1. Please give the contour-minus-distance gain from VAL156 to LYS285: 0.36 nm per residue of separation, less the Cα-Cα distance, rounded to one decimal in nm.
2. Under 5 Å between amide hydrogens, which residues at least 5 positions from MET118 or on another chain qualify, with H placed 1.01 Å from N in the peptide plane?
3. For region 217-285, which GluC sites (Glu not before Pro) are in a loop by DSSP, counting at most 11 other Cβ atoms within 10 Å?
4. Per 0.36 nm of contour for each residue apart, how much would the distance between LYS116 and VAL251 grow if the chain were fully extended, relative to their Cα-Cα spacing?
5. Using 7 Å Cα-to-Cβ label points, what is the LYS185/ALA239 separation (nm, one decimal)?
6. Using θ = phi - 60° and the Karplus form 6.51 cos²θ - 1.76 cosθ + 1.60, what ³J(HN,Hα) does each residue of region 95-109 get, whole Hz, x for Gly and Pro?
7. For region 111-234, take N as its residue count and report Rg(C-alpha) divided by 2.2 N^0.38 Å.
8. What are the lysines whose alpha-carbon lies under 23 Å from the alpha-carbon of LYS110, with same-chain residues fewer than 8 places away excluded?
Amino acid sequence: MRHVVAAVALAAGLMAGAVGQEVQTGAQNGGQQTTYQNMTPEQRAQATREFLGLGAAPDKAAAARGAPLFQQNCAFCHGPQARGATGPNLITSGEVLDDDHGEHLVAFLKKGRPEKGMPAYAAMSDEQLCDIAEFLHLQVEEVANRGTYKVLNILVGDAANGRAYVEAHCMACHTEETFAHIASKFRAPDQLQRGWIWPARGADERLAITATVKSPEGATVTGRVTQVSDFRITVVDSAGRTHAIDREEEVAVEMKDPLAPHQQMIMTLGNDDMHNVTAYLETLK
């Protein structure tokens, strides 16, 4: 499982970058810009929910009331966390995902699906069935919304070994100034860890992917890549002009990604190295 934690960190970094592009609050109104990296856990959960289109936030108090009802009436088929047992997984159920606060599920549960082995729960009150619905929505939230994840203490590495890793693997691209006070730029160690493994591009033009595109006639366009596929590439040049160019066989494209070394690092980054570097960088307040 050498790369398991590194892969999770990469996924979190990609999510943070994607959500960060969507969620930039305050700056439009003259206030301080809030990015995904420095949000509170509650703000991250809400931002991720909106980005993924998860719908209304579940009522946690109602879900707590619904938990024992679900265990007594449903868990033997669908599992204690609704992830499936002899019956199907409800986390991906259309009946659950199409519902917000029981407006559809209550009627469905009252009727049941006897032809498929699901009993009707007509004897239960609407309030009880709503509570079961909220329990199900909370299970979906906990699976789908990374912003709700609670991170335990990750400062378990050796700072001296982390410094050695940085000196051996990072100083070819970075200087000591890069790491000066780096820990103070992040609200928590887990955000620091995501930040150094996969820095958020955000509005930092230094991290933008750029390309030089040369036509068969010799004309050259260089700029920031805003869209790329096997068939077309779109770049914005230094004057702000947008160029959409079909990638025909004679068109030469040379792309430069400042984060390419991070992509390569992730492929060999072990869990111990990751923990060690994070422990070292946390000392650089």
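Rule-based calculations on the coordinates, nothing more; no lab input. Since the structure is predicted, the reported quantities are computational estimates derived from the model, not experimental observations. Counting neighbours? That spans all protein chains shown, and the Cβs are built from the backbone with ideal geometry, glycine included.
1. Computed gain between VAL156 and LYS285 is 44.7 nm.
2. ARG113
3. GLU217, GLU248, GLU249, GLU250
4. Taking LYS116 through VAL251 to full extension adds about 42.8 nm, to one decimal.
5. Once both label points are built, they end up 3.3 nm from each other.
6. 4, 6, 5, 7, 10, 9, 9, x, 4, 9, 5, 4, 5, 5, 5
7. After normalising by residue count via 2.2 N^0.38 Å, the value is 1.89.
8. Partners within reach: LYS60.
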